[in-house]
1. How far is helix A:199-212 tilted, in degrees, relative to the longest principal axis of the Cα atoms in chain A, given as a value from 0 to 90 rounded to the nearest 10?
2. For the stretch A:3-168, build the convex hull from the C-alpha positions and give me its volume per residue in Å³.
3. How big is the dipole moment of chain A about its Cα centre under a simple scheme where the beta carbon of each Lys and Arg is +1, that of each Asp and Glu is -1, and everything else is neutral? Debye, nearest 20, please.
4. Give me the net charge for the shell around A:Asp213: Cβ to Cβ below 11 angstrom, other residues only, Lys and Arg +1, Asp and Glu -1.
5. With every protein chain left in place, what is the accessible area per residue of chain B in square angstrom, probe 1.4 Å?
6. Out of the DSSP beta bridges found with both residues in chain B, what percent are antiparallel (nearest 5)?
7. Got a sec? Charge dipole of the stretch A:1-42, +1 on Cβ for Lys and Arg, -1 for Asp and Glu; which of A:Leu31, A:Ala13, A:Ala41 is way out at the positive end?
8. Suppose every K and R has +1 on its Cβ and every D and E has -1 on its Cβ; what is the size of the dipole of chain B about the Cα centre, in Debye to the nearest 20?
Amino acid sequence: MSKIATREAYGKALAQLGAQNPAVVVLDADLSKSTKTADFAKVFPERFFNVGIAEQNLMGIAAGLAAAGKIPFASTFAMFATGRAFEQIRNSIAYPRLNVKIAATHAGITVGEDGGSHQTVEDIALMRVLPGMTVIVPADGIEAEQAVFAAAVHQGPVYLRFGRSAVPQVNADNYRFEIGKIYELRPGRDVTIFACGIMVAEALNAAENLAADGIEAQVINVPTIKPLDAEAVVQAARLTGAVVTAEEHSIIGGLGSAITETLAEHYPVLVERVGIKDTFGESGQPAELLQKYGLTAEAIRAAVFRVLKRREGK
Amino acid sequence: MTMVEADVRLIAEKAKEMRRQIIRMIGAAQSGHPGGSLSAADIVATLYFHEMRVDPAQPHWPERDRFVLCKGHAAPVLYAALAEKGFFPKEELLTLRRINSRLQGHPDMKKLPGVEMSTGSLGQGLSVSVGMALAARLDQVAWRVYALLGDGEIQEGQVWEAAMAAAHYKLDNLCAILDYNGLQIDGPCCEVMNSEPVAEKWRAFGWHVLEIDGHDITAIIGALAQARQTKGQPTIIIARTIKGKGVSFMEKQVGWHGTAPKPEQVEAALAELA
């Protein structure tokens, strides 16, 4: 199966979107070759604005374009988009509910060699806390492409999180993404694994291995972290009674938090969270980092064992 | 009396009425920023009653000029202008900063018609203005963008990111006005963090720079006209103003940056502005 980075899919989708919708404009902060907005810039140079290394201004200009009726996609690395320009996103985009799409790439530790300064594992938390912000974390190229089109027709601010490294396809060729929905990729009655982004593929691998252990794990892809499909999350938890979450993000504030908050309020079950455990990353190859920081199918499998053991002990 | 003289007289009347409203609303709220609202009154009056094309009957008229109050804490001067222009009833001014009011402590575009951008966090408005100006150019439409900045505000780094971009994109449909009243919360701007030489900085960033007396309405009219005729670069009008202008006991007093007048001070101020 072919592998593609979600940022690659973003660049391709953006160029297509630009042809369909003249209101779409794209902004970047000197990273257009890496974020892949260069694909759009090549075809629509007049609708592309490279604002230089100035992320606060990037978000402000995007807000102004949106206030005048454009549909801006503002791109840079996730670290700088959500970290450097957090308050600009908060006050110039989210507070006035302007129609800006923040399309951030190089999220998480798979940025790799650049190291901890560039590996944001906080971005989902930062965006999720903003009122009215939609937060989407695509798992593969198909989902990334469709998320771009869905974001463009959605009224209001959207955060799209893309990765640097190539990821395998996890969704079917005829997959249809909708904002605010979660998707069962594998049925199972013993435990539910909620995953997003690159961890969806790991969750599927974990489920495969767990089947050999005699455990039937349900795998659910959660591309929209906010608004979370709470009803479907509760429904899955009711079915299996044990939950594992998996994300390339801090276990604080991201998918694991969102799922846990929802379940605690509506249907408390035991939960184990796989993610970055309140620490910064470091330089290394993506695969080495995923191994070292416990973001693997094996780590998910171990979390499933833990949650099932805790349930037995109850 | 020539037409310009008649206009100047009208604008001066409007500015005085706006100053009265600023005092009344901040007095009623017992909260707000009188100093920087009063210093900007002549500029904002000239924009709304001479320069800008806006229609209170259609606040979202696509062809309208846009005004961004970057120094959002001067919301009372904007509210006074919008009410005077007819965007909403003047009685509503007295709801400033109260619960359920459309007149938030800092302007909220989602609540009040006529407010083009939600502002308040300093340094963000000029970037938004750049975005609006880019949109106007993309659509090849004639409306212009006016951004009112505070002199303390230009200490924010983002202002200079936006200044660089506006000149880079040659946004001659953007006009910034600097309300240079010389004072910020903690004291004189030059003592807190000196940003002089201000005119040279903007010039070095590629802007067409005009320096005027920000209370001389004829000069404001002239500078705005010059800005309109300037091609290939954005214009900034550095307007020397007096913080608290029009109320003798507030003028040049740093303490009146964010303090509301007591009822007897409201009376005294209104008597001066009669």
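The values are calculated or read from the model by the stated rules, or taken from the named source; none is laboratory data. Because the structure is predicted, anything quoted here is derived from the model rather than measured. Heads up, the Cβs are rebuilt from the backbone with ideal geometry, glycines too, and the neighbour counts pull from every protein chain shown. Note: areas computed on protein heavy atoms with side chains; ligands, DNA, RNA excluded. Shrake-Rupley method; radii C 1.70, N 1.55, O 1.52, S 1.80 Å.
1. Around 20 degrees separate the two axes.
2. 93 Å³
3. The calculated dipole for chain A is roughly 440 debye.
4. -2
5. 38 Å²
6. In chain B, approximately 10 percent of DSSP beta bridges are antiparallel ones.
7. The one lying farthest along the dipole's positive direction is A:Ala13.
8. Using only the charged Cβ atoms, the result is roughly 520 debye.
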